[in-house]
1. Specify which of the listed residues (B:ALA170, B:ALA155) is surrounded by fewer than 23 Cβ atoms within 10 Å (Cβ to Cβ) and either over 13 Å from B:ILE82 (Cα atoms) or in contact with a strand residue (DSSP E or B) (Cβ under 8 Å, 6 or more places away or on another chain) (or both).
2. crowded, with 21+ Cβ neighbours inside 10 Å, at negative phi and not hydrophobic (A, V, I, L, M, F, W, C) - does that describe any residue in the range B:311-326?
3. Can you go through A:LEU137, A:LEU144 and tell me which one is hydrophobic (A, V, I, L, M, F, W, C), open to solvent by 40 Å² or more (accessible area, probe 1.4 Å), out of contact with any Asp or Glu (no Cβ under 6 Å at 6 or more places or on another chain) and not in a loop (DSSP other than H, G, I, E, B)?
4. Which residues, counting only those in the range B:195-218, are assigned to a strand (DSSP E or B), surrounded by fewer than 24 Cβ atoms within 10 Å (Cβ to Cβ) and in contact with a Lys or Arg (Cβ under 8 Å, 6 or more places away or on another chain)?
5. Go through the range B:69-106 residue by residue and tally those that are part of a loop (DSSP other than H, G, I, E, B) and within 7 Å of chain A (Cβ to nearest Cβ).
6. Residues that are open to solvent by less than 30 Å² (accessible area, probe 1.4 Å) and closer than 19 Å to B:GLU459 by Cβ: find the helices (runs of 4 or more DSSP H) completely inside the range B:351-447 holding 3 or more of those.
7. Of the residues A:GLY281, A:GLY292, A:GLY318, which single one is open to solvent by less than 10 Å² (accessible area, probe 1.4 Å) and away from every other protein chain (no Cβ under 14 Å)?
8. Show the residue pairs that are 6+ apart or on different chains and have beta-carbon atoms under 9 Å apart, the first residue being within the range B:174-188 and in contact (Cβ under 8 Å) with a residue 60 or more places away in the chain and more than 11 Å from chain A (Cβ to nearest Cβ), the second being open to solvent by less than 10 Å² (accessible area, probe 1.4 Å) and assigned to a helix (DSSP H, G or I).
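The values are calculated or read from the model by the stated rules, or taken from the named source; none is laboratory data. Remember, predicted model here, so these are calculated numbers, not experimental data. No Cβ is skipped: glycine too gets one built from the backbone with ideal geometry, and neighbour counts run over all protein chains shown. For the accessible areas, the whole protein counts, side chains as well, though only heavy atoms, and no ligand, DNA or RNA atoms are used. Shrake-Rupley method; radii C 1.70, N 1.55, O 1.52, S 1.80 Å.
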Amino acid sequence: MNVLSKKPAAGEEMAKQGLAGNQRLYALVAMILIYILFAVFGRNFFSFETAVNILDASYYIGFLAIGVTFVIITGGIDLSIGTVAMCSAMIGGVAWEKWGLPFTAGLVLILVSGALFGLLNGTLVSRLKLPPFIATLGTMMVSLGISSIVSKVQTVNFPSRTSEEGWFKSVFSKVQLPSGAMLPTGAILLLAVLLIAFVVLNKTKIGRYTFAIGSNEEAVRLSGVNVVYWKTIPYIISGLCAGMAGIAYASTYTTVVPGAGQGFELDAIAGVVIGGTSLSGGVGSVFGTLIGVMIMSILRIGLPSMDLQPHYQKLFTGIVVIIAVLMDISQQKKR
Amino acid sequence: MPEQILNMTGVSKSFPGVKALKDVHFDLFAGEVHALMGENGAGKSTLMKVLTGIYQRDEGEITCFGEPVHFKNTREAQDKGICIIHQELNMMNHLTVAQNMFIGREKSRGLFLDDRAINDEAVQILAKLGIAINPKEIMGHLTVGKQQMVEIAKAISLNSRLLVLDEPTAALTDVEIEHLFKVMRDLKEQGVGMIYISHRMDEIARITDRVTVLRDGEYVGTLVTKDSTHDQIVRMMVGRTIFEEPKQKSTCPPDAPVVLEVENLNAGRMVQDVSFQLKKGEILCFAGLMGAGRTEVARALFGADPKTSGTIRVKGQLVQINGPQDAVNAGIGYLSEDRKRYGVALGLSVAENSVLANLDAYSGKLFVRGGEINQVASQYVEKLNTRTPSIRQLVRNLSGGNQQKVVIAKWLIRNSDILIFDEPTRGIDVGAKSEIYKLIHELVDEGKSIIVISSELPEVLRLADRVLVMCEGRITGEVEAGASQETIMSFAHQRQEQPAV
């Protein structure tokens with residue numbers, strides 16, 4: 001009897017943290033350590049400008065990663081986000097540049113097409129029961145094709161800072177402060193989206209069912225929940241975030257080429273995994289995801305400052321991903 | 001007289017080729033605990049699935065809370081106040097207790113979830129049941145016993161007035177069982193009716209008011225628990241006519257050499273201090289209820305699961321078995337109960353499957369020697385009388401009995417002298433069954449030694465030279481060929497601390 005009447009206390013802290021809590025903490029510590037390492041040993045690394053560069057480098061991958069976190073928590077995967085982001089940016093850009101739509105309408109169109117690709121993925125996975133890997137692989141190819149078709153295989157140029165729509169860069173990328181420093185408005189936008197994503201994931205039904213489905217889909221179904229509906233939504237969120245990533249990319253790099261975006265999804269998924277979201281579902285956090293993406297950016301910006309070529313970033317990122325997953329596995333074994 | 005809340009009469013249910021339920025009766029009063037008993041496959045689960053709408057009945061009437069009902073799914077049964085607590089708990093391990101209890105019934109304030117409200121309500125429900133569990137605790141961190149309490153609390157919060165508990169104590173500690181019984185008594189007082197499925201005689205005696213016994217899908221009878229004896233119930237459970245002629249006497253010579261000696265084998269909860277010997281040319285059967293630990297013994301012996309301690313001697317030689325490879329090298333072959341998952345590669349041909357365990361012997365430096373493989377495969381197809389159009393036929397296309405023969409061929413080609421058959425005739429029709437029995441006897445005549453794990457008593461009685469009975473991870477009895485079903489069943493129910501019924 002005393003086993004059951006013992007005061008339950010230890011679980012409470014864990015409940016708040018979620019199971020991802022531990023690994024998220026490790027990721028945060030790792031991020032700070034790596035940053036300090038570069039700050040001490042790297043040339044000209046420790047500066048506001050570098051910090052802005054790091055945020056900048058996390059920018060569009062950050063949106064992708066936040067969105068795909070939702071899908072991964074359900075136990076699924078979204079491989080289409082990279083090409084969907086570029087395809088959506090292409091559609092919006094062509095609508096503005098070639099079809100003469102107002103620029104703001106073009107931006108809205110980018111978000112809408114991202115969400116529609118998400119709806120397609122969600123429908124394929126939850127209603128038509130395709131394995132997420134296959135469904136989103138298909139959508140990846142479809143979006144690649146559409147981007148080339150819509151653009152007639154031609155590059156689209158988004159407005160530059162000096163053009164009439166120059167506010168685009170100021171709002172979605174950076175703005176120059178009177179002091180001369182660059183304020184990373186894009187990064188601020190990313191943080192805002194991160195906060196919204198956090199609230200959705202932890203305080204709304206959408207989030208509750210996202211975790212529940214990832215934890216035990218059959219149990220959710222037997223509880224009388226419309227699983228087909230609730231499992232579609234994370235894919236729409238992922239698509240919508242891909243749309244935002246498309247805007248972010250266009251504002252940072254100005255030029256969008258057709259058929260681009262392959263490989264972005266893997267960077268995003270790597271960030272999610274480093275941040276402690278489990279690929280087997282049920283566990284995850286968007287803050288962890290952002291930390292994961294930041295770790296990759298710090299490596300990318302920091303390695304050159306230690307005279308290591310940027311492609312060492314891939315090597316080190318790979319190692320970090322493997323360590324992160326190994327830690328995830330060892331924690332699951334303990335339970 | 002309390003209200004009758006459930007009355008099932010003349011319920012029948014068939015599946016292709018099997019009559020799972022034949023004219024079954026069952027009733028339940030408010031505030032009553034009614035045990036449903038029977039051997040594995042007697043139809044207990046099928047009856048409960050018919051009740052809760054997972055299966056649709058073919059015939060019969062079900063009246064629930066005074067109204068005739070015909071549930072099409074579990075949701076309808078739930079709405080009517082019927083909840084089933086499955087043996088395999090159905091929960092979301094990553095969510096909190098309260099989130100689990102209120103899944104699909106979340107409370108919201110505007111756009112946002114109101115977790116405080118469900119936590120408060122969960123506390124109230126849990127307190128009413130006298131369960132001290134923090135609603136904010138993560139489900140996966142609770143013990144199985146506490147998880148079960150949460151499932152019960154969830155059922156109560158759904159206003160259930162009829163609970164089905166399917167072997168609820170299977171994974172519980174004694175302390176947890178005590179607590180479960182206390183909760184059950186409280187629920188009785190509140191007028192909740194409970195159907196209790198369990199194999200444990202002492203629990204039946206302690207907690208239930210009446211016992212209904214099913215056998216082979218048929219209704220045998222209902223007893224008032226306090227007026228009945230242990231023996232009476234066991235007799236009702238096994239008293240079927242046996243179609244298979246049981247073996248009267250061991251056919252293994254008493255002076256046959258011991259080929260396998262297992263001492264103090266331990267592996268987890270389900271294998272505790274298991275010791276036994278197997279003689280050359282002997283058929284040794286492991287009997288017991290489902291979950292008694294028989295398969296676990298085989299898996300630990302074979303190295304498929306890690307063992308914590310124990311020594312294994314093959315033909316007098318001490319062998320270290322740390323993985324299936326070691327076991328195979330020691331001449332042990334294991335034929336899994338789940339043939340399709342562990343026994344054969346369905347997408348490969350008969351010939352390829354036949355040499356799967358011994359491909360090295362049929363390979364040169366670079367290439368496999370196809371000619372020899374075909375030769376040996378054909379030889380065994382003939383020897384075992386496997387019915388296949390050709391050795392190139394995919395195993396997927398063979399019947400269950402013939403698939404089993406391919407697995408047997410695989411181990412014979414590997415020169416295994418000790419074969420462990422885990423449920424050798426599961427999913428195999430009657431004709432093929434007797435052929436497998438004949439084959440097993442031929443194998444021992446050739447000097448192989450065989451361990452058979454079986455949940456079907458007639459099969460055990462027909463095959464065994466000697467029977468070891470297991471219960472809860474321990475060997476509780478050993479009988480020779482010719483023993484009665486009742487003897488075996490009473491050993492199978494012998495829990496460690498058994499009070500008299």
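1. One residue alone meets the criteria, B:ALA170.
2. no
3. A:LEU137 is the lone residue from the list that is hydrophobic (A, V, I, L, M, F, W, C), open to solvent by 40 Å² or more (accessible area, probe 1.4 Å), out of contact with any Asp or Glu (no Cβ under 6 Å at 6 or more places or on another chain) and not in a loop (DSSP other than H, G, I, E, B).
4. Those that are assigned to a strand (DSSP E or B), surrounded by fewer than 24 Cβ atoms within 10 Å (Cβ to Cβ) and in contact with a Lys or Arg (Cβ under 8 Å, 6 or more places away or on another chain): B:ILE197, B:ARG215, B:GLU218.
5. Residues meeting the conditions: 9.
6. So the answer is B:400-413, B:430-445.
7. A:GLY292
8. B:MET184/B:ILE152; B:MET184/B:ILE207
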